[in-house]
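Worksheet for the structure shown next.
Laboratory data are not the source of any read-out in this text; all were calculated from the coordinates shown. Owing to the predicted nature of the structure, the values given are computational and were not obtained by experimental measurement. Using ideal geometry, Cβ is built from the backbone for each residue, glycine included, and neighbour counts are taken over all protein chains shown.
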Amino acid sequence: MPDRDELLRDISLLDRVAARDSRALAELYDRHSGLLFGLILRIVRERGEAEDVLQEVFVQVWTRAHSYNAVLGSPAGWLIGIARNRAVDRIRSNTVRVRAEEQAAPGPPVETPEARTSLGELQRSVRHALAALPADQRQLIEHAYFGGLTQSELAARFQIPLGTVKTRVRAGLLGLRALLQRSVIEL
């Protein structure tokens with residue numbers, strides 16, 4: 001837990017960034033880039049992608065510093081939230097791009113009977129786990145991961161607050177994890 005002086009320093013830096021002080025942004029970067037890079041790298045799993053996402057995070061900090069609200073959490077927590085969301089968005093956009101490329105690729109992929117069986121079992125497990133989730137969680141997860149929508153797009157489409165989307169998706173993913181871990185153990 002950061003001490004009060006560190007917290008006040010970060011808040012001051014964000015105020016200066018909101019006033020367009022590039023030195024404050026550089027200092028904020030120096031203070032938090034290591035933590036954020038580690039988080040992003042764990043999510044995207046590729047160093048080059050993580051570096052790109054980290055840059056996007058600080059571009060967003062530069063453009064949105066005025067939106068930071070100390071009542072809602074610490075500056076570090078705000079930065080971590082931006083980094084996590086940007087990393088997840090990167091994974092989703094890469095997934096959508098890869099799917100589009102695969103659909104455009106000529107000819108069917110070469111599959112073995114074992115691979116088809118294993119994939120079929122995995123797909124059944126995922127379908128059963130999704131079906132076991134509450135409808136509001138399942139619907140958001142399906143649109144996010146199979147439709148490629150961001151959490152902001154989900155909030156707009158379903159006309160619910162962004163915080164509610166985040167809560168439902170997180171609860172749904174935790175539920176999926178538990179259900180899928182149980183199904184693996186049963187196999």
Inset, instruction - Let me know the longest stretch in the chain that avoids all trypsin sites (Lys or Arg not before Pro) found in a DSSP loop with at most 11 other C-beta atoms within 10 Å. - result: 46-187
Inset, instruction - Work out the length of the dipole vector of the chain about its Cα centre, built from +1 on the beta-carbon of each Lys and Arg and -1 on the beta-carbon of each Asp and Glu, and round it to the nearest 20 debye. - result: 440
Legend entry - Selection from L25, S67, Q103 lying farthest towards where the dipole of region 25-145 points positive, charges on Cβ: S67
Inset, instruction - Step through the residues of region 65-74 one at a time and calculate ³J(HN,Hα) from phi using the Karplus curve (6.51 cos²θ - 1.76 cosθ + 1.60, θ = phi - 60°), rounding each to whole Hz and writing x for Gly and Pro. - result: 4, 5, 8, 5, 10, 4, 5, 8, x, 6
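Note down the net charge around V57, summing +1 for each Lys or Arg and -1 for each Asp or Glu among other residues with Cβ under 12 Å from its Cβ.
Its environment carries a net charge of 0.
Explain nothing, just the number: dipole magnitude of region 26-76 about its Cα centre with +1 on each Lys and Arg Cβ and -1 on each Asp and Glu Cβ, in debye rounded to the nearest 20.
In total the dipole reaches around 200 debye.
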Legend entry - region 112-186, dipole about Cα centre (Lys/Arg Cβ +1, Asp/Glu Cβ -1), debye to the nearest 20: 160
Legend entry - Built amide H within the under 5 Å cut-off of L133, gap 5+: none
Inset, instruction - Could you calculate the contour length gain from Y145 to S93, that is, 0.36 nm times the residue separation minus the distance between their Cα atoms, to one decimal place in nm? - result: 17.7 nm
